[in-house]
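The values are calculated or read from the model by the stated rules, or taken from the named source; none is laboratory data. Nothing here was measured: the structure is a model prediction, and the numbers come from that model. Note: ideal-geometry Cβ built from the backbone for every residue, glycine included; neighbour counts use all protein chains shown.
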Amino acid sequence: MFKVALKDILARKRRLVTTGLAIILGIAFLTGTQVLSGVLKDSIESLVGTAYEGFDAVVRSPEEQDLGFGQQIRSPIPEGLVQQVDQVSGVRKALGVVETTSAQLVGTNGKIVGSNFGPPTIVYNWLDDPQLQVGVLKEGHKPAEATEMVLDFTSATDAGYKLGDQVTVSAQTGSEKFTLVGLMGLGEDGTLAGGAKMMLFTTPTAQRLGQLPAEFNYIAVAAEEGTSQEVLANAIAAALPDTQVLTGAEFTTENQKSVSQFVDILSTFVSVFGYVALFVACFIIYNTFSILVAQRTRETALLRAIGAKRKQVLLSIVLEAVLVGLVASVLGLVGGVALAWVLKAFVGTLFTVQSGLPTLTASAIATAFIVGIGVTVLSGLVPAWRSTKVPPIAALSEVSVDRAGVSRSRIIWGTLFLLGGSALLALGLADAGPNPLVLFGLGAVLFLVSVAVILGPLIAAPFSRLLVWPFTRGTAITPRLAGENAARNPRRTAATAAALTIGVTLVTLIAVMASSIKASVESTVNSTISADFVINSSTFSIGTGIPTSAVVEARAVPGVALASPVRFAPFRLTDAYSQQQAAADPAKAQKNPLGAGDAAPPGEDTFMLGIEPQSYFEINDVGNTQGTPKDLTAGTFAVELKEADKHGWNVGDKVPVYFAKTGVQELILAMTFDQSSGGGSYLLPLETFEANTLALFNTDFIVYVKAEPGADLPAIRKQLDAIVADSPAISVQDLGEYADAQTAPFDTFLAVVYGLLGLAVIIALIGIANTLSLSVLERTRELGLLRAVGMSRKQLRHTVIGESMIIAVFGTAIGLIIGIIFSFALSVVISADSPGIFKYTLPVGQLVIITLVAALAGVLAALGPAWRASRLDVLKAVSSV
Amino acid sequence: MSSSVTQTAAAGSIEASKIYGEGDTEIRALDGVTVSFEQSRFTAIMGPSGSGKSTLMHCLAGLDRLSAGRVFIGDTYLDDLSESQLTELRRDKIGFVFQAFNLIPTLSAEENITLPMDLAGRKPNKEWMDTVIDTVGLRTRLDHRPSELSGGQQQRVAVARALASQPQIVFADEPTGNLDSRSGTDLLDFMRHAVSDLGQTIVMVTHDPSAAAHSDRVIFLADGKIRDEMIEPTADRVLDLMKQLGD
Ligand SMILES: Nc1ncnc2c1ncn2[C@@H]1O[C@H](COP(=O)(O)OP(=O)(O)OP(=O)(O)O)[C@@H](O)[C@H]1O
Ligand SMILES: [Mg+2]
């Protein structure tokens, strides 16, 4: 039987290649993403390791606040502390470190270098100690004058600067120029790129840029020869009980952890697409095998008729599947490494990744083989099992038209899956169970499988005929044949289309959500903000806001009625309800175990806006209120009614809140309002805000400007532009531009998502090409006959391409429908959460484009098979069996 | 050899040779065949297995090309035509009936019959269609798929298709080979009728002397050459001649 299996494989090289291709692609994508995230993690951890290598201990404030995404904001410490640390026994050298994100690098093109999603730009002071200084000079010298700076070499190249150039830095106080006197990097000789963009200045300059007057972010300590990190840290902690002391190793681990958190998010994101690709590939493998086995039903029947046992027939198919799965998995692994290599090269433009080929981990190899072989064997076994159940004689006389489209069990199973999937989806959306996302995902898979695979065949045939119906008027026979060919094997058509359905469902879901979010933002902006202009900062980094002088200057512009500044800062709610929430969330409860010395009590981190009550409520429509803007005096705050209800607060209550600067404070709730405008649920009058937040938060995050009625808007804009002309990161926008700017980062994200989904669609196309090749092979005789009675090569090509387009459009149509259903379900949930804000909007134009692209892709997938079909030798084809 | 190329010939060949393989393994499937088929006549081709009957038909019908010599349909020499011109010729001027598997499984009987005209984008001649359909007796079966028809019915649909576009000539390679004698006779009667009453030209390959008896003229092939021919054949005379040739 093994011989038969082997012969079978060799006799069908092309089929082997097509089946193999699907497995190879699926495995390659899965392995590639796995390998890449491993490489990223190792590289980043080792880089972070090198950066802080020289630190034996770190002394810092115990007051810290979580900003999410692994970013913490910690109170600075006074300069004088450095002296005290230096005196502790065992300390060789203690130096104060400035490490802030409060300035941006401006390139020679006048634009800010880097994006909101990329690694941050960090301002450091140069540490006059080779052991403590982060990184090594590669060229030039250290910054000695207040007007000199050093850049890491990658950023210098990216920004277009070389030694001796005047570098523009956009800081709080406006743009400044510095002379580039040195280039640095990580590693022993400064040749490794660290990812983050590093700008190094003299200590006073760095303190000024970081708004740290006579302060440092932390103190880096080098030990004396023979003093261990632990001994050193303990000695300092004993001498300075009010500080938090970490060993150098602990500090490195903490940094690695916060960076890997980011990498984890990235690799989870990428793996999700890996799994989507694999899911799609599974469909294709299964489908291809089903067709192969179906085509061989005659042969297996013959084998059985001449006495082979059912077990033997099954065994031969399993053997074939194992062989194909094995070879394809190996090739898939190779492809995966290649893919990781390409991705690595791309990531390598951001920071130095480990050199050499990405290495395969044992788990990546195991996953590849288990999935590759497992899926192939299952895909072969199921249809084979079904085929051996057919009595030999029935199989021998079988014609290649599938009449088993509609069976009762199919309807029952399909409905069960559909109901089960919908129920899980609903549970997931309703936030039930420990992991609603898993429920949602599982429900989505069940739903998709039920519609695309189980119920799909029921509608594939009528759909195909309906689709070509408008084209079959008169005597047009090619569309008719294409339609009938797609309809003759509904199971095959549906399963082939299903692969595409998955990709299109996701694309549709995302496209609809994106357009809805855009529409929502736009309508919220237009209905709740009555400003004429917005002065807006394009960077998200903390401490790179609009200088506070801008508001004052804006008010002085003739024709301006109001200018209202808004600031932004994180804080922690520490009331009973929030503490309870924090305790219930295991991720939060065990967060930051290293920061055991942190002073922050448990609670929930959120953010607040600092506002000027008189002007803010003039410009922002917050609906009905309890209390008035006048009540918002020092020591008070306002909150959105929904939040107040959740926490059980009433106007007049005292609410405990934790700030990194001032510790726990009791604020009085002076006002509640019905709707948040501009996203702010917690509003603090500037008096409260300034008293409790670090200097770096006390720049404006946004300034609303309202003109007097009938004022000359273009003239006002010109003057506003002049105010911020100095800062490339800050711009003046009208409301339309402002709404667009709010959703702009979203567009970048969308482009990435579409790109990744494009891969899933390409795999689906290979699936269509596969099915068509097999169908063409199967129908060789029929195609020969068509040619014999006078069908031209072109007509034959059109028939095959038409069939492909039908499959593609069918898959797309179902994907569109499911995507719209999913997005609608999501929108219902979102609307229930915050009524009246979410505007469900179908991006009709985009959806039409998706459909057209799918149809076009169908043409592409059919080119190969169509060409082969049209080149068939008529006589050989007619006489083939 | 008494046949010659005449002006009224619907199709024919001149010194047609078809050679497969090379050197020692060379097979002369056709070896200088010159033959013509007159209009509105029913010709049968007979001969032992491997004598080149199918090869001759395929070359005449533009499904295959000669190694040497020429074939023509009406006043068109096929050897000069390009692949796409040949395809058009097959579609418009020639009907072909194979021994089996003549129909497209996804199309109904009627669609199968009109297929060549649909491919050409031509409207079928309604009157002629009615005549053909009534003659084959398939009016009640027009909407059925091939899989719902018996073998005999399928062959009749195939013949109807071959006739429907009123081609210059119809070739049928053992059209009754897979049928029982009853269905076979029905089909032969129908072809006879198409020639006598409708003026069609039909060339048919057969192994069966009684089938050959339905024709106007029988041509005997052996080893790729024409051995003999018989006008107004009867089953007995054909059988006699076959015995003679076999000796
Ligand atoms: N494609 C081919 N390659 C090589 N030889 C071929 C090919 N097709 C036919 N032949 C040979 O040409 C000769 C004539 O074949 P052909 O099919 O014309 O015979 P036939 O008279 O139709 O026989 P039958 O009555 O069995 O159908 C045979 O010897 C056959 O083996
Ligand atoms: Mg033959």
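Would you confirm whether any residue within the range A:853-867 is within 16 Å of ligand 1 (Cβ to nearest atom), assigned to a helix (DSSP H, G or I) and closer than 30 Å to residue B:171 by Cα? Steps first, please.
Kept after step one, since they are within 16 Å of ligand 1 (Cβ to nearest atom), are these residues of the range A:853-867: none.
For the range A:853-867, residues within 16 Å of ligand 1 (Cβ to nearest atom), assigned to a helix (DSSP H, G or I) and closer than 30 Å to residue B:171 by Cα: absent.
From B:43, B:55, B:25, B:76, grab the single residue that is in contact (Cβ under 8 Å) with a residue 12 or more places away in the chain and either within 14 Å of ligand 1 (Cβ to nearest atom) or in contact with a Pro (Cβ under 8 Å, 6 or more places away or on another chain) (or both). Give the derivation first.
Details: B:43 fails: either within 14 Å of ligand 1 (Cβ to nearest atom) or in contact with a Pro (Cβ under 8 Å, 6 or more places away or on another chain) (or both); B:25 fails: in contact (Cβ under 8 Å) with a residue 12 or more places away in the chain; B:76 fails: either within 14 Å of ligand 1 (Cβ to nearest atom) or in contact with a Pro (Cβ under 8 Å, 6 or more places away or on another chain) (or both).
The match here is B:55.
One residue is enough: does the range A:783-803 have a residue meeting the conditions within 14 Å of chain B (Cβ to nearest Cβ), away from ligand 2 (no atom under 16 Å from the Cβ), within 37 Å of the chain's Cα centre (by Cα) and not hydroxyl-bearing (Ser, Thr, Tyr)?
yes
State the number of residues belonging to the range A:833-881 that are among the small types (Gly, Ala, Ser), modelled with pLDDT of 80 or more and over 30 Å from residue A:296 (Cβ atoms).
The qualifying residues number 3.
Is it the case, given these coordinates, that residue B:158 is under 22 Å from residue B:41 (Cα atoms), in contact with a helix residue (DSSP H, G or I) (Cβ under 6 Å, 6 or more places away or on another chain) and within 12 Å of another protein chain (Cβ to nearest Cβ)?
Numbers: under 22 Å from residue B:41 (Cα atoms): yes; in contact with a helix residue (DSSP H, G or I) (Cβ under 6 Å, 6 or more places away or on another chain): no; within 12 Å of another protein chain (Cβ to nearest Cβ): yes.
It is false that residue B:158 is under 22 Å from residue B:41 (Cα atoms), in contact with a helix residue (DSSP H, G or I) (Cβ under 6 Å, 6 or more places away or on another chain) and within 12 Å of another protein chain (Cβ to nearest Cβ).
Please work out which residue is farthest from ligand 1 (Cβ to nearest atom), limiting yourself to the range B:187-218 and to residues that are in a loop (DSSP other than H, G, I, E, B) and β-branched (Val, Ile, Thr). Step through it out loud before you land on a result.
First pass over the range B:187-218, keeping only residues in a loop (DSSP other than H, G, I, E, B): B:197-201, B:206-208, B:213-216.
The next check asks that each one be β-branched (Val, Ile, Thr); those that pass are B:201, B:206.
Numbers: B:201: 21, B:206: 9 Å.
If we take residues in the range B:187-218 being in a loop (DSSP other than H, G, I, E, B) and β-branched (Val, Ile, Thr), then B:201 is farthest from ligand 1 (Cβ to nearest atom).
Look at the range A:390-443 and say how many of its residues are modelled with pLDDT under 80, in a helix (DSSP H, G or I) and in contact with a Pro (Cβ under 9 Å, 6 or more places away or on another chain).
3
The rows are residues; the columns are (1) at pLDDT 80 or above; (2) loosely packed, with under 14 Cβ neighbours inside 10 Å; (3) touching a Phe, Trp or Tyr at 6+ places or on another chain (Cβ under 6 Å).
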| position | (1), (2), (3) |
| --- | --- |
| A:116 | no, yes, yes |
| A:139 | yes, no, no |
| A:145 | yes, yes, no |
| A:150 | yes, no, no |
| A:162 | yes, yes, no |
| A:165 | yes, no, no |
| A:192 | no, no, no |
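Looking only at the range A:850-881, count how many residues are away from chain B (no Cβ under 14 Å) and over 19 Å from residue A:804 (Cβ atoms).
Number satisfying all stated conditions: 0.
Mind checking which pairs have a first residue in the range A:640-667 that is of a type in the set (Phe, Trp, Tyr) and a second that is not in a loop (DSSP other than H, G, I, E, B), Cβ under 6 Å, 6 or more apart or different chains?
The qualifying pairs are A:649/A:669; A:658/A:572; A:658/A:664; A:659/A:571; A:659/A:692.
Among residues belonging to the range B:63-73 that are within 16 Å of ligand 1 (Cβ to nearest atom) and not charged (D, E, K, R), point out the one that is nearest to residue B:190 (Cα to Cα). I'd like the intermediate steps shown before the answer.
Just the residues of the range B:63-73 that are within 16 Å of ligand 1 (Cβ to nearest atom), to begin with: B:63-69, B:71.
Filter once more, so that each one left must be not charged (D, E, K, R): B:63, B:66-69, B:71.
Values: B:63: 25, B:66: 32, B:67: 35, B:68: 35, B:69: 34, B:71: 28 Å.
Ranking the candidates gives B:63 first.
Would you be able to tell me the number of residues in the range B:98-117 that are more than 11 Å from residue B:162 (Cα to Cα) and within 16 Å of ligand 1 (Cβ to nearest atom)?
Final tally of qualifying residues: 3.
Can you tell me how many residues in the range B:161-192 are within 16 Å of ligand 2 (Cβ to nearest atom) and within 12 Å of another protein chain (Cβ to nearest Cβ)?
Qualifying residue count for the region: 2.
Mind checking which residues of the range B:79-94 are of a type in the set (Gly, Ala, Ser) and more than 8 Å from every other protein chain (Cβ to nearest Cβ)? Full working, then the answer.
Keep residues of the range B:79-94 that are of a type in the set (Gly, Ala, Ser), which gives B:82, B:84.
Result: B:82, single match.
Report, by residue number, each residue of the range B:106-161 that is of a type in the set (S, T, N, Q) and part of a helix (DSSP H, G or I). I'd like the intermediate steps shown before the answer.
To start, the set of residues in the range B:106-161 that are of a type in the set (S, T, N, Q) comprises B:106, B:108, B:112, B:114, B:125, B:131, B:135, B:140, B:147, B:150, B:153-155.
Matches in the range B:106-161: B:112, B:114, B:131, B:135, B:140, B:147, B:153, B:154, B:155.
Let me spell it out: the conditions are (1) buried (at least 24 other Cβ atoms within 10 Å of the Cβ); (2) within 11 Å of another protein chain (Cβ to nearest Cβ); (3) closer than 21 Å to residue A:476 by Cα, and residue B:124 meets all of them except one. Which number is the exception?
(1)
Could you tell me whether the range A:805-823 includes any residue that is within 16 Å of residue A:765 (Cα to Cα) and within 14 Å of another protein chain (Cβ to nearest Cβ)?
Among the residues of the range A:805-823, at least one is within 16 Å of residue A:765 (Cα to Cα) and within 14 Å of another protein chain (Cβ to nearest Cβ), which makes the answer yes.
Taking interchain pairs and intrachain pairs at least six residues apart, which have beta carbon atoms under 8 angstrom, with the first residue in the range A:474-502 and under 14 Å from residue A:766 (Cα atoms) and at the interface with chain B (Cβ under 8 Å from one of its Cβ atoms) and the second polar (S, T, N, Q) and surrounded by fewer than 24 Cβ atoms within 10 Å (Cβ to Cβ)?
Short answer, once both residue conditions are applied: none.
Looking at A:707, A:660, A:670, which is the one that is over 27 Å from residue A:525 (Cβ atoms), of a type in the set (A, V, I, L, M, F, W, C), assigned by TED's automatic domain parsing to the domain that holds residue A:552 and in contact with an Asp or Glu (Cβ under 7 Å, 6 or more places away or on another chain)? Lay out the reasoning, then the answer.
Values: A:707 fails: over 27 Å from residue A:525 (Cβ atoms); A:670 fails: over 27 Å from residue A:525 (Cβ atoms).
It is A:660.
Could you list, in sequence order, all residues of the range B:130-152 that are modelled with pLDDT under 90, surrounded by 13 or more Cβ atoms within 10 Å (Cβ to Cβ) and more than 13 Å from every other protein chain (Cβ to nearest Cβ)?
Result: B:131, B:132, B:133, B:135, B:136, B:137, B:138, B:141, B:152.
Identify all residues within the range A:480-498 that are surrounded by fewer than 24 Cβ atoms within 10 Å (Cβ to Cβ) and within 35 Å of the chain's Cα centre (by Cα); write none if there are none.
If the condition is that a residue be surrounded by fewer than 24 Cβ atoms within 10 Å (Cβ to Cβ) and within 35 Å of the chain's Cα centre (by Cα), then A:491, A:492 are the ones that fit.
Taking the condition assigned to a strand (DSSP E or B) and either in contact with a His (Cβ under 7 Å, 6 or more places away or on another chain) or among the basic types (Lys, Arg) (or both), does residue A:138 pass?
The answer is yes for residue A:138.
Residue by residue, here is whether (1) farther than 25 Å from residue A:25 by Cβ; (2) small (Gly, Ala, Ser); (3) at pLDDT 85 or above; (4) outside any helix (DSSP H, G or I) holds:
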site: A:242; (1), (2), (3), (4): yes, no, no, yes
site: A:249; (1), (2), (3), (4): yes, yes, yes, no
site: A:255; (1), (2), (3), (4): yes, no, no, no
site: A:262; (1), (2), (3), (4): yes, no, no, no
site: A:267; (1), (2), (3), (4): no, yes, no, no
site: A:270; (1), (2), (3), (4): no, no, no, no
site: A:274; (1), (2), (3), (4): no, yes, no, no
site: A:284; (1), (2), (3), (4): no, no, no, no
site: A:288; (1), (2), (3), (4): no, no, no, no
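Just name the residue that is nearest to ligand 1 (Cβ to nearest atom) out of those in the range B:28-40 that are under 12 Å from residue B:18 (Cα atoms) and aliphatic (A, V, I, L, M).
Quick first cut of the range B:28-40, residues under 12 Å from residue B:18 (Cα atoms) only: B:28-33.
Remaining after also requiring aliphatic (A, V, I, L, M): B:29-30, B:33.
On the way: B:29: 3, B:30: 8, B:33: 11 Å.
For the range B:28-40, the residue satisfying everything is B:29.
Where in the range B:24-77 are there strands (runs of 3 or more DSSP E), lying wholly inside it, with at least 1 residues that are under 12 Å from the mean Cα position of the chain (by Cα) and away from ligand 2 (no atom under 16 Å from the Cβ)?
Per the criteria, B:27-38, B:42-46.
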